[in-house]
Amino acid sequence: MTNKNINRAIFIMSIAGFIMGIYVLQSFLRQSGIICLTGSGCEMVRKSPYAWPFGIPVPAIGVVGYTILAILSFLRTTSNKRSLLYGMLGMGLFGVVFVTWFTYTELAIIRGICMWCAISAVNMYVICALVIRSLSKKEEA
Amino acid sequence: MKFTSETKLFLGIIILTVGIITGAGILFSIPPKPLSKSELISPHTNITGNPSAKTWLVEFSDFQCPACKAFAGTVDMLSKKYPDDLSVAYRHFPLPQHQQAREAAIVAEAAEQQGKFWDMAHLLFANQEALSDASYASFAASLTLDPVLFETDRKSASIAAHIDEDISSGTTLGIDATPTFYLNGVKLTVGMPADLEKAVTDAVAGAKASQK
């Protein structure tokens, strides 16, 4: 897989994560129902105070994270600067730590799994793995 | 900064994504058209308060649902606070996972045959954790209902049909949780009883102001 294709994959996954985040965020803010294939898990998570760290809804953090990743991968189409990759790595690692903490919180404390959070967690792990893979490869001309 | 075809493609995807989300946001922010009374209230629906009040609240509820119990006190308080300015309609939406919910709805309607729907509803919510055939009989006794008539009405096909009609109506409206409230025909998004109190209080105040 070339760096170009890796960047494309990161971009598409970031856009997908952004759209998911916006959907879940509007449900948090409007207190409206949410499509959930994991039973009442999404509602349990939405209503839990753990889903509002420091008063910030968890999906808002996801939206910001995916936006940064999408912008950085977009900028990578205009420049080969390695600092962009390091920025993506920083964001990806933060994302991995965050989704790991939140998945643990869902399982151990809230005792409910939100389908969208689970998809987003996998999405973030894959993005981070792709960024690391991209870092390990030499830049193409 | 060099603008390659890849850059333009990514930019196009970003613009398209933002456009779709903005469009969806505008679409969902358009307030829904209020439903009419005839769409929300059937001829057999139990109503308390002033039936011709300008402010009308419809609740789809389940006697075994804890959230409905949490809201019941506020609904009761509001109907007492605004006896002339508010009507409250109760519609049955017993959820399948609540084993006693449908029977409790039947019991309330059986009590209504002797004019005691709201009293029975109050007892059912108050004793939500202990609903059973024995408790229904004791509720009926405490309300001085005719026990024979009460038991006969509990088996009434027309009462069962009324409840089925309420469930069917709620399902058609897309209700999937209880309690669901409609205020003046508009579905409310209320997380806590205080939200309901505020919405109804504002609506009553608005109706009074428009009369002046």
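Here, each number is a calculation from the coordinates, and none is a lab measurement. Model, not experiment: these values are computed from the prediction. Neighbour counts are summed over all protein chains in view; Cβ atoms, including those assigned to glycine, are modelled from backbone coordinates with ideal geometry.
Per Stokes-Einstein, at 10 °C and 1.306 mPa s, what whole-number D in µm² s⁻¹ belongs to segment A:72-114, with the Kirkwood radius over Cα pairs as the hydrodynamic radius?
131
Classify segment B:142-203: rounded, prolate or oblate, from the alpha-carbon gyration tensor (a ≥ b ≥ c, eigenvalue square roots; a/c under 1.5 rounded; otherwise prolate if a/b is larger than b/c)?
oblate
Quick one: order B:T172, B:T7 by neighbouring beta-carbon count within 10 Å, fewest to most.
B:T172, B:T7
When DSSP assigns beta bridges and you keep just the ones with both residues in the protein assembly as shown, what percent turn out antiparallel, to the nearest 5?
60
I'd like the mean, over residues of B:5-18, of how many other protein chain beta carbons sit within 10 Å of each residue's own Cβ.
The per-residue average across the peptide is 4.
Counting other beta carbons within 10 Å of each residue's own, what order do B:F3, A:F98 fall into, fewest first?
B:F3, A:F98
Using Cα positions and a limit of under 29 Å, work out the lysines in reach of B:K54, with same-chain residues fewer than 8 apart set aside.
B:K33, B:K37, B:K69, B:K80, B:K81, B:K116, B:K187, B:K198, B:K208, B:K212
Starting with the fewest neighbours, write out A:R46, A:R30, B:R154 ranked by other beta-carbon atoms found within 10 Å of each beta-carbon.
Going from sparsest to densest Cβ surroundings: A:R30, B:R154, A:R46.
What is the set of long-range amide H partners of B:N46 at a cut-off below 5 Å, with H atoms built 1.01 Å from backbone N?
Residues meeting the amide H criterion: B:Y90.
Assuming 1.306 mPa s and 10 °C, estimate D for segment B:82-128 with Stokes-Einstein, Rh taken as the Kirkwood radius over Cα pairs, in µm²/s.
136
Helix by helix, which DSSP H runs in chain A go 30 Å or more along their axis at the Cα atoms and have an average Kyte-Doolittle hydropathy of 1.0 or more?
Flagged H segments are A:82-105, A:115-136.
How crowded by other chains is A:67-78, given as the mean number of beta carbons from other chains within 10 Å of each beta carbon?
Mean shielding by partner chains, rounded to a whole number: 3.
Provide, for chain A, the number of lysine pairs with alpha carbons under 24 Å apart, each pair being eight or more places apart or on different chains.
The result is 5.
Tell me, what is the percent relative contact order of chain A, built from C-alpha pairs under 8 Å that lie six or more residues apart?
RCO, chain A: 35 percent.
Can you tell me, using C-alpha contacts under 8 Å and at least 6 residues apart, the relative contact order of chain B as a whole percent?
Once divided by the residue count of chain B, the mean separation gives 28 percent.
Using a 10 Å cut-off on Cβ to Cβ distances, tally the other chain neighbours for every residue of A:17-26 and report the average as a whole number.
That average works out to 2.
Can you give the translational diffusion coefficient of chain B in µm²/s, computed by Stokes-Einstein from the Kirkwood radius over Cα pairs at 25 °C and 0.890 mPa s?
Translational D for this selection: 127 µm²/s.
Could you give me the radius of gyration and the Dmax of the protein assembly as shown, taking only the C-alpha atoms into account and expressing both in angstrom?
27.0, 91
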